[in-house]
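The values are calculated or read from the model by the stated rules, or taken from the named source; none is laboratory data. In this text the structure is predicted, and so the values were computed from the model without any measurement. Here the Cβ positions follow ideal geometry from the backbone for every residue, glycine too, while neighbour counts run over all protein chains shown. Please note that ligands, DNA and RNA were not included when accessible areas were found on the heavy atoms of the full protein model with its side chains. Shrake-Rupley method; radii C 1.70, N 1.55, O 1.52, S 1.80 Å.
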Amino acid sequence: MKKNLYLIYIIAFILISLKFFDATFISPSLSNYVFILSIWITVFLSVPFWFSNRRTTFDIPIYMVFFSILFSILMAYFAWNQSFFHSIMETTQYLMWPFYFFLIGHNFKVKTIEKIVIGFGLLYAALYFFQYFNQGVVLFGRPLYGDEWTEDRGVIRIIFPGAGIFILAVFIALTKITTTKTLRWLWLLILCLGLVIPVMQVTRQFIVGISLVYLYHLVINVKPIYKVLLLAIFLISGTIIIKMEINSVKGLIEAGERDAELGKEYIRVLAAEYFLKDYAPNDLSKVFGSGAPYWGISAVGKFNERLADERGYYLSDVGIIAVYAMFGIIAVVGFVIIWIKSFTIRIPKSFAYAKYYIWYILFTSVTWYSVYHYHYIIATILALYLYQKGIDDQKRVELVKKILIKIKSKDKKQFDPTT
């Protein structure tokens with residue numbers, strides 16, 4: 001009974017942590033207060049498990065990220081004179097990380113978490129298509145410009161909120177298609193959605209990140225004879241799609257060519273240089289960050305709003321550099337440790353999706369807010385929990401192998417006539 005209540009809480013927390021996919025038909029003040037309250041409740045529910053005897057691979061980097069964000073509340077006050085109330089209101093959205101310890105402490109089954117992620121991934125897809133076919137009204141998220149969905153890169157561009165949970169669901173489907181023989185129709189459906197939806201949203205990081213993971217997974221999981229064939233299929237398919245004169249594809253190519261021509265004058269490059277070198281108001285902020293600005297309200301929030309309006313510099317465009325600017329070097333090191341571990345620590349093939357998601361976050365961390373935004377944090381936490389379960393599973397497999405080797409060696413000695 002208690003376990004079921006916790007599962008209900010997990011599902012509710014994921015939905016709330018995504019702000020109900022930024023539903024516009026829910027009162028913004030109600031949504032924000034429920035969002036903030038649920039995060040702090042989760043933080044306090046997780047406290048008993050923070051320093052328990054159960055140590056995991058990701059404890060230290062998560063501590064580094066979480067406490068850097070928490071400390072940034074003080075930095076915002078000392079560096080920019082932003083009030084504690086404004087800092088808490090703005091910073092809370094980044095404080096979900098202790099949810100990892102809540103999951104570890106209650107030791108939820110892998111299949112249970114996978115089903116929850118798949119469910120939310122399908123919900124994301126359903127809501128996206130519902131919004132797409134009802135373009136006359138903004139039901140979820142926020143248009144790039146103005147108050148209506150407008151044409152950009154050759155299509156009506158709807159960047160649907162909460163993509164992190166969808167991406168993790170897609171990578172779970174990708175892993176399942178090569179490691180299980182059940183529900184293949186479902187995994188194929190999700191894999192198709194994983195290609196179609198990014199193209200419809202015309203987001204380069206989204207498309208390239210998922211495509212690279214698809215290609216990598218298929219290449220390492222097929223026989224050598226098929227590897228060249230797969231690469232050829234991807235290249236030929238890409239060429240055909242480009243030649244088909246599809247509006248969304250043309251828009252992507254034109255945007256890429258335009259940005260490439262700008263070179264060092266590309267707005268994201270300029271923004272990255274500014275937030276890296278000139279944003280911090282003092283030396284202490286260069287180490288511990290300047291805190292999260294309360295957009296358009298506090299003095300630093302208004303300053304950031306002017307940066308965006310007058311110079312086109314957005315923290316959300318510079319990913320991991322935004323983490324440095326707001327939360328300091330220690331938080332960045334925490335993320336780097338997570339990424340290093342994802343490349344160096346082995347897990348069974350059935351858990352590969354957790355690794356893929358972390359790699360996707362790394363790939364998009366330079367030019368997108370996937371590394372720190374609430375649209376992604378909850379999925380990152382779930383991926384880290386599942387990665388840890390994979391590590392535990394790998395350790396059990398290696399332990400069993402060692403025991404079997406010892407048993408075999410003892411049997412050989414026992415029946416060896418020369419001994």
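Tabulated data
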{"item": "In Å², nearest 10: area of residue 311 left accessible to a 1.4 Å probe", "result": "120 Å²"}
{"item": "Cα-centre dipole for the chain with unit charges at Cβ (Lys and Arg positive, Asp and Glu negative), debye to 20", "result": "2640 debye"}
{"item": "Residue 283-residue 130 FRET efficiency (beta carbon distance; Förster radius 60 Å; 0.05 resolution)", "result": "0.75"}
{"item": "Overall form of region 1-414 per C-alpha gyration tensor (a/c, 1.5; a/b vs b/c)", "result": "oblate"}
{"item": "Largest-first ordering by accessible area, 1.4 Å probe, given options 148, 398", "result": "148, 398"}
{"item": "Greater than 18 Å apart at Cα, pairs in 176/341; 349/389; 223/341; 19/115; 115/395", "result": "176/341; 223/341; 19/115; 115/395"}
{"item": "Nearest 10 degrees, 0 to 90: helix 59-80 Cα axis against the chain principal axis", "result": "10 degrees"}
{"item": "Protection proxy ranking, peptides 63-69, 383-389, 182-188, average beta carbon neighbours within 10 Å, highest first", "result": "383-389, 63-69, 182-188"}
{"item": "For region 1-414, accessible area per residue (1.4 Å probe, heavy atoms of protein chains only), Å²", "result": "50 Å²"}
{"item": "Charge tally in the Cβ shell below 15 Å around residue 358, where Lys, Arg are +1 and Asp, Glu are -1, residue 358 excluded", "result": "+4"}
{"item": "Protection proxy ranking of 366-376, 82-92, 274-284 - average other beta-carbon atoms within 10 Å, highest first", "result": "366-376, 82-92, 274-284"}
{"item": "Heavy-atom accessible surface of region 1-414: percent carbon and sulfur, 1.4 Å", "result": "67 percent"}
{"item": "Ordering of 171-177, 23-29 by packing [mean C-beta count within 10 Å, highest first]", "result": "171-177, 23-29"}
{"item": "Residues with amide H under 5 Å from that of residue 140, placed H, sequence gap 5 or more", "result": "24"}
{"item": "Helix 329-344 axis, angle to the chain major axis (alpha carbon atoms, nearest 10°)", "result": "30 degrees"}
{"item": "Nearest 10 degrees, 0 to 90: helix 374-415 Cα axis against the chain principal axis", "result": "10 degrees"}
{"item": "Estimated FRET transfer efficiency (residue 267, residue 336; beta-carbon r; R0 35 Å; 0.05)", "result": "0.85"}
{"item": "Rounded accessible area of residue 160 (nearest 10 Å², 1.4 Å probe)", "result": "10 Å²"}
{"item": "Prolate/oblate/rounded call for region 121-214, Cα gyration tensor, a/c under 1.5 rounded", "result": "prolate"}
